Every structure is written in structure tokens, then in C-alpha cells.
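Heads up: the structure comes next, in C-alpha cells.
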Amino acid sequence: MGAAFVASGLSVNATAGAGAGDGDGFSELGGDAFAPQEDGGAIVIEGEDGVKTEIIVKCTKSYGLMAVRNGEDIIANIIIKDTVKPALETRTFGTSVENQVTLNLRVFENDNNESNATVMESTELYENCIVELTPGLPKGAPIEITFNLDRSGILIITALDVTNGISKQV
């Protein structure tokens with residue numbers, strides 16, 4: 001059965017367990033999910049004359065997950081364009097159905113500087129990042145998704161089942 005992940009009215013594709021109803025994706029919970037990058041990110045180059053030049057490496061795209069808000073597919077951006085790399089950002093979502101057993105995290109990139117973007121303005125990077133969930137979660141159970149983008153552009157995704165404290169890396 002298809003299901004989703006929810007964030008303040010948002011959801012992500014998933015599979016529900018026996019007895020669960022159909023969901024519509026991924027949803028987001030909670031308030032401000034974006035904290036400014038406080039540390040590092042700069043590359044310092046020292047010339048032969050001793051003059052130091054600092055180069056700031058920033059993200060040229062925003063990176064997010066397909067989610068559902070009010071029945072409409074959107075991209076819930078987690079790392080926003082122009083964020084200094086390395087970047088570590090978390091956004092909280094919730095299960096869309098009772099007893100949801102998996103999430104299919106579909107990762108997209110786009111040029112939008114907002115927390116949400118349309119599917120039409122985004123390009124899918126990964127279609128099937130499957131995360132197995134703890135059995136028996138209620139509808140709306142919080143799941144924290146963390147994107148860790150290193151300086152060279154390698155993205156590591158971590159899903160934390162907040163209810164049970166179980167973390168999985170994709």
C-alpha cells in the first residue's frame with residue numbers, strides 16, 4: 001500500500017503495514033528547521049608572499065525531499081541554495097499513516113531559495129532511498145531527516161525515528 005511522510009501538512013512516499021490506510025506522502029512537523037551554518041566552510045589559500053585568501057564554498061543548489069502538503073506534491077528543501085559547505089541541516093517530518101513500515105526518500109535539487117519548491121522546478125537525484133521504520137508507529141510519528149553535504153558534494157542522509165530513538169543512514 002502506498003503511504004507517505006508528513007511535515008506540517010507535508011508527506012513522503014512509503015509503504016504501510018497491514019491494516020494501515022493509504023497515505024499521501026511525507027509531512028513536516030515543527031517550526032524553524034533551518035539554522036545558519038556557524039562553523040567552517042572556508043578554504044584558506046596562502047600565497048608565496050604570505051597573503052592569505054579565504055574562499056567560501058557554497059551550495060549552488062537547494063536539496064530536498066518529495067513531500068505532500070494539502071494533497072499536493074512539493075519538494076521540502078532541507079539544504080538551501082547558498083548555504084556554506086560543509087552543510088548539516090535537519091527537518092522533521094511525520095508518518096502519514098498508522099503502522100507505516102517504510103519511507104521512500106526521493107531526493108531532488110532545485111534553484112529555489114525557499115523552504116519548499118515545486119516538483120516542476122526540481123530535478124530528481126535519487127528515486128529509491130528506502131528506510132525501514134519501527135513497526136507500530138502512529139500516524140504523525142516524528143521522523144527527523146538530516147542531510148549532511150560535505151565540501152566535495154557527497155550527500156549523506158540520516159533518518160531518525162524520534163519516537164524510538166532509532167537512527168538509520170541511507
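Bear in mind that the values in this text are calculations on the coordinates, not laboratory data. Every value quoted in this text rests on a predicted model; they were computed, and no experiment measured them.
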Q. What are the lysines whose alpha-carbon lies under 19 Å from the alpha-carbon of Lys61, with same-chain residues fewer than 8 places away excluded?
A. Lys81, Lys85
**Q.** Rg/Rh for the range 35-142, where both radii come from Cα atoms and Rh is the Kirkwood radius
**A.** 1.13
Q: May I have the convex hull volume per residue, in Å³, for the Cα set of the range 118-170?
A: 114 Å³
